[in-house]
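The values are calculated or read from the model by the stated rules, or taken from the named source; none is laboratory data. Because the structure is predicted, anything quoted here is derived from the model rather than measured. All Cβ positions, glycine included, derive from the backbone under ideal geometry; neighbour counts span all protein chains shown. Accessible surface areas use protein heavy atoms only, side chains included; no ligands, DNA or RNA. Shrake-Rupley method; radii C 1.70, N 1.55, O 1.52, S 1.80 Å.
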Amino acid sequence: MLSAGLPQGTVPKLERPGPLRERVYEALLELITTRALRPGQHLVESELAGHLGVSRQPVREALQRLNTEGWVDLRPAQGAFVHEPTEEEADQLLSVRTLLEAEAARLAAAHSGRPGIEALEELCARGEQAVADDDVDLAVATNAAFHAKVMELAGNVVLSELAAQVDRRVRWYYTPVARQRGTQSWIEHRELIAAIASRDERRATEVMRAHTEHTRQTYHLREQS
């Protein structure tokens, strides 16, 4: 049941203002992305509505939208279930992510100044502490923030827009391997910062490509839970 699948404190509060259906959609997407709602889990409209403090109608609309976007599977006579990504789906998305992020790293090395480097160093220190504290949720969030910052420093709007389209799914795939990647991931982030700081575009590209490939490989080798 849903109540058994949502740990205490994981249900996001619906922020106001904004259309209710949009806020319910964002809340459910966040729960799926963070795997508070796990792949394959049955989604019962009445339970979701109760947890979110809304009626069933916006939940139904949100589930239909999530189905269209591939986050939820609607099965006739069975109901809604969190989509279970195939290995091929994950591989394709993480491969595309490698291309986008490698180019972002190159551009960041070409354009970043000291403030940008300091922002990356601050995020890296935060991520290292999250790993030391075994705070997986914070480590995942900080990892996403770090990569988003590199993308911002790249200064390419089109690249950023493309990356934003895959960002949520990258977090979805990264969450189950975050603990396995652990300290090594942040060591690689430090290597990337050094390459960007030295304006070594080739090195930054290589480090980011290797870094994202390590995550892709770890995902495929993960322990199935």
Members of the range 129-143 found to be over 12 Å from H189 (Cβ atoms), open to solvent by 20 Å² or more (accessible area, probe 1.4 Å) and in a helix (DSSP H, G or I), listed by number:
Q129, A132, V136, D137, L138, A141
Matching residues, the range 66-85, being under 18 Å from R171 (Cα atoms) and buried (at least 20 other Cβ atoms within 10 Å of the Cβ):
L66, W71, V72, V82
Quick count over the range 102-128, residues being under 19 Å from R216 (Cα atoms) and open to solvent by 20 Å² or more (accessible area, probe 1.4 Å), is 1
Condition first: within 19 Å of the chain's Cα centre (by Cα) and open to solvent by less than 70 Å² (accessible area, probe 1.4 Å). Can you find one or more residues in the range 43-65 that meet it?
no
Name the single residue, out of those in the range 179-201 being charged (D, E, K, R) and free of Cβ contacts under 8 Å to residues at least 40 places away in the same chain, that is farthest from V150 (Cα to Cα).
R181
Within the range 32-51, which residues are assigned to a strand (DSSP E or B) and either charged (D, E, K, R) or over 28 Å from L138 (Cβ atoms) (or both)?
H42
